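The structure under discussion appears below in the form of structure tokens.
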Amino acid sequence: MQRAGPPVLECTALRKRFGDLLAVDGVGFTIAGGETYGLLGPNGAGKTTTISMVCGLLERDGGTVTVAGRPMTTRSVEAKAAIGYIPQELAIYPDLTARENLAFFARLYGLPRAAVSTRVAEVLDVIGLADRAGDRASEFSGGMKRRLNIGIGLLHRPRLLVLDEPTAGVDPQSRNSILGSIEELSDSGMAVLYTTHYMEEAERLCDRVGIIDGGQLKAEGTRRELVALVGETDRVRLSAAGELEAGLAACLVLPSVREASRHDDGLDLLVDGAAAALPGLLAALGAAGVTVRSVDVAEPNLEAVFLHLTGRALRD
Amino acid sequence: MRAALLIAGKDLRERLRDRSAILIAVVVPLALAAIFSLTLHDVTSGSITFEYALADEDAGPVATAFREDVLGELERDGLVDLTVASTAAEARTLAERDAVGAAFVLPAGLSAAVASGRPATLSVIGSADAPIAAQVAGSIADGFVAELNAVRLAVATAIASDGGVTDRAALAAAAAATPRPIEIRDVSVERRELDTETFYAAGMAVFFLFFTVQFGITSLLDERRDGTLWRLVAAPIARSSILGGKLLTSFALGLASMVVLVVTTSLTLGAEWGDPAGVALVLLAGVLAATGVMALIATIAKTAEQAGYAQAVAALTLGLLGGAFFPVARVGGAIATLSLLTPHAWFLRGLGELAGGDGPWAVLPAVGAMLAFAAVTGGVALLRLGRMVEP
């Protein structure tokens, strides 16, 4: 759900160089309250460097960042107080209990001593660790540690929640729980900046998505707006046997076929107007000696958009 | 400051749950101090007793003087346990069988020979298995012979200058009784040296202090490795608060361990640290110096593991050179001078001044030296620490 209102985060023309590598080049976007914005890109695209500059962890070489109307630098205190940062790696103290971890960060973020225990109890409820509050974090499962890691970012009720690939290495059940929590937070009016290289997560969570690759924001918009960039191209997956190489060549000469590649059990195609093109496509394959066992047609998604914009897959 | 205190409080809570910190800070130094004190007490405190045999075949005044005035006095002081042998052969046998550390043989005619100015011999037979006892026996005999020669020279000089001298024995007695014109007393060593228990308590305390303080500052590298540092950097606090918290942790751990060790070694080992105000000044300066040195080393390392190795090497080298295990000041020369390049030597020197009975102001030079160490190393460390909180 996209929200209106003044932006909680505004960043323009962000630029960061590490030696010869221009890691981020001219990235800019805004996020409004209650809006979830996803930065979608493969590993090394510049996602973490971008959010490191947004959160004031890293000096930027160029550009501006404003959080809740306050300029962000590495020395900003007020701007940082408006952000809940949840790093990709688990950032908790294993020798402290869940309650001690939360209480420490609550006080570090300036919560009054009297309010700390109440707020810590609330967050323990939100992340489902109330019954394990007195246990050391080292005794937790991976999923519980992830939830504690997220809970720390929520303590001070930030205006902007920044999550750097929070589901990396998480089991499907915990992932679903984490995504559900983020949806609830967004619904409560919090602005969310979410980085991921999982297309499915971006499609599920994000009101708007910025596609980033090679340090540059290639495109941004709602899912509908981004898919429109690809046009009426559908993904067609064929399970087939026989002369697959000849079939591949036969497909590529058809005007409706944009791209074609082999997979273990058949062929993957990007086809303009699949519904209309499919009869001719099957006829060409049959003539090339390919026996088609099944056909799966998928509408364009962000994966296809990324492929369209960068010429390679998200997980390349 | 509030954020620094929060971070230090969190670190201290973690360290208290980590038994290794308590082991390094208190248990190991206390145990080693106890072991060293118990095993080396006799050697370093001067209460060792040498066993000697004496065969007096002369029985004249010179032999009597050696037996009664020299060996007798040492025996009364508890430094010598004397066995009287009836013959030279028996004394030799006692030494050869290692029943004694050395045997003195005063041959018949010794006193007559000395009185008449003829050559005389005082034999010392050392045990092959007790070289130190034999060396000490040789020194005792040398001292006595030197005294005899001095008297003989005085008598000879008197006779040569005044032909009227007739009573040589009275002259010799007068010469022997003449006070020495110059007497050397090593007052400085007596005043500045700690007793065995205090020395090892202080030595182990300052040696392990350098390992203890590293738990604070090195945790910055641990936090960097574990990712929690970025969470601290993202928090609305100054980066200097993070560094301040870590330094505060080092200082608090070091000071707590030192106070615990001072109290426990006083109660259990009988260590006498001296005037409390002076001890407090020495402890504070020592902890600051250790924190500065270890912080500087931590800034050179890229990982906690690297820092741990480098700090261990530095702590060991400085501890050995600084005299934490043995009093290098006694060795003298270049080593004693080099030891002054370590905070350990100044720490022990400061406590030594207190052991001499002086008031707390006596520690000020040592405290000043340690504060200089703290200022130089800590200052450079602070200049370099900033890079440790950069992603």
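The values are calculated or read from the model by the stated rules, or taken from the named source; none is laboratory data. Everything numeric here is computed off the predicted structure, so don't read it as measured data. As a convention, Cβ positions derive from the backbone with ideal geometry for all residues, glycine included, and neighbour counts pool all protein chains shown. Side chains are part of the model used for accessible areas, which takes the heavy atoms of the whole protein and leaves out ligands, DNA and RNA. Shrake-Rupley method; radii C 1.70, N 1.55, O 1.52, S 1.80 Å.
A few comments on the model shown:
- Set of aspartates and glutamates with alpha-carbon distance to A:Lys145 below 12 Å, sequence-local pairs under 8 removed: A:Glu89, A:Asp135
- Highest-fluctuation residue, B:Thr64, B:Thr157, B:Thr121 considered, GNM on chain B with Cα pairs under 10 Å: B:Thr157
- Highest mobility in the GNM of chain B, judged by mean-square fluctuation with C-alpha springs under 10 Å and restricted to B:Arg349, B:Arg118, B:Arg152, is found for B:Arg118.
- Only lysines eight or more places from A:Lys218 in sequence, or on another chain, were considered; those with a Cα closer than 16 Å are A:Lys47.
- Across segment A:159-170, rounded Karplus estimates of 3J(HN,Hα) from the backbone phi angles (6.51 cos²θ - 1.76 cosθ + 1.60, θ = phi - 60°) give 6, 10, 9, 10, 10, 9, 6, x, 9, 4, x, 9 Hz, Gly and Pro being marked x.
- In chain A, Cα pairs under 8 Å separated by at least six residues give a relative contact order of 20 percent.
- Chain B and chain A together bury an accessible surface of about 2400 square angstrom, both sides counted, with a 1.4 Å probe and no ligands or nucleic acids included.
- Beta bridges per DSSP with both ends in chain B, % antiparallel, nearest 5: 25
- Rel. contact order, % - alpha carbon contacts under 8 angstrom, at least six apart, chain B: 19
- Per-residue mean of foreign Cβ neighbours for B:237-243 is 2 (Cβ atoms of other chains, 10 Å radius).
- Surrounding net charge for A:Val192, when Lys and Arg each add one and Asp and Glu each subtract one, Cβ distance under 10 Å: -3
- Entry comment: accessible area of segment B:49-177 is 54 Å² per residue, from protein heavy atoms only and a probe of 1.4 Å.
- Average beta carbon contacts from partner chains per residue of A:106-118, 10 Å cutoff: 2
- Candidate membrane-span-like segments in chain B, meaning DSSP H helices with Cα atoms spread over at least 24 Å of their own axis and a Kyte-Doolittle mean of 0.5 or above, are B:131-161, B:196-217, B:239-268, B:276-300, B:304-321, B:364-385, with no membrane implied.
- Between 0 and 90°, nearest 10: helix A:142-154 axis offset from chain A longest Cα axis: 60
- Counting only aspartates and glutamates at least 8 places from B:Lys302 when in the same chain, those with an alpha carbon closer than 16 Å to its own are B:Asp222, B:Glu223, B:Asp226, B:Glu390.
- Rounded to the nearest 500, the helix-only mean residue ellipticity at 222 nm of chain B stands at -21500 deg cm²/dmol, with each DSSP H run of n ≥ 4 adding -39,500 (n - 2.57).
- Peptides B:212-218, A:72-78 ordered by average Cβ neighbours within 10 Å, highest first: B:212-218, A:72-78
- Charged-residue dipole, Cβ positions (Lys, Arg, Asp, Glu), segment B:49-177 about Cα centre, Debye nearest 20: 440
- Charge sum, other residues only, whose C-beta stays under 12 Å from B:Glu68's C-beta, Lys/Arg counted +1 and Asp/Glu -1: -2
- Each residue of segment B:232-238 was assigned a 3J(HN,Hα) from its phi angle through the Karplus curve 6.51 cos²θ - 1.76 cosθ + 1.60 (θ = phi - 60°); the sequence is 5, 5, 6, 6, x, 9, 6 Hz, with glycine and proline shown as x.
- For chain A, the solvent-accessible area with a 1.4 angstrom probe is 42 square angstrom per residue.
- DSSP beta bridge pairing in the protein assembly as shown, given as percent antiparallel to the nearest 5: 60
- Considering only B:Ala201, B:Ala290, B:Ala256, the mean-square fluctuation computed in a Gaussian network model of chain B, springs between alpha carbons under 10 angstrom, is largest for B:Ala256.
- Among residues other than A:Ala103 with Cβ under 13 Å from its Cβ, the summed charge is +4 (Lys and Arg +1, Asp and Glu -1).
- Only the Cβ atoms of Lys and Arg (+1) and of Asp and Glu (-1) were treated as charged; on that basis the dipole of segment B:280-391 about its Cα centre amounts to roughly 180 debye.
- Put simply, the amide H of A:Gln216, placed in the peptide plane, has neighbours under 5 Å in A:Asp25, leaving out anything fewer than 5 places away on its chain.
- Helix-derived mean residue ellipticity, 222 nm - over chain A, DSSP H n ≥ 4, -39500 (n - 2.57), to 500: -10500 deg cm²/dmol
- Rounded to 5, percent antiparallel among DSSP beta bridges of chain A: 70
- Amide H partners (placed H, <5 Å) of B:Ser123, local residues excluded: B:Val105
- Fraction of accessible area attributable to carbon and sulfur, the protein assembly as shown (%, probe 1.4 Å): 58
- For segment A:7-222, the dipole from Cβ point charges (+1 on Lys and Arg, -1 on Asp and Glu) about the Cα centre works out to 660 debye, to the nearest 20.
- Karplus-based coupling profile of segment A:180-189, in residue order and whole Hz: x, 4, 5, 4, 5, 5, 5, 4, 7, x, with θ = phi - 60° in 6.51 cos²θ - 1.76 cosθ + 1.60 and x standing for Gly or Pro.
- Here's the picture: charge each Lys and Arg Cβ at +1 and each Asp and Glu Cβ at -1 in segment B:223-287, and of B:Ala252, B:Val282, B:Ala271 the one pushed furthest to the positive end of that dipole is B:Ala252.
- Peptide B:11-18 has a mean shielding of 2, counted as Cβ atoms of other protein chains within 10 Å of each residue's Cβ.
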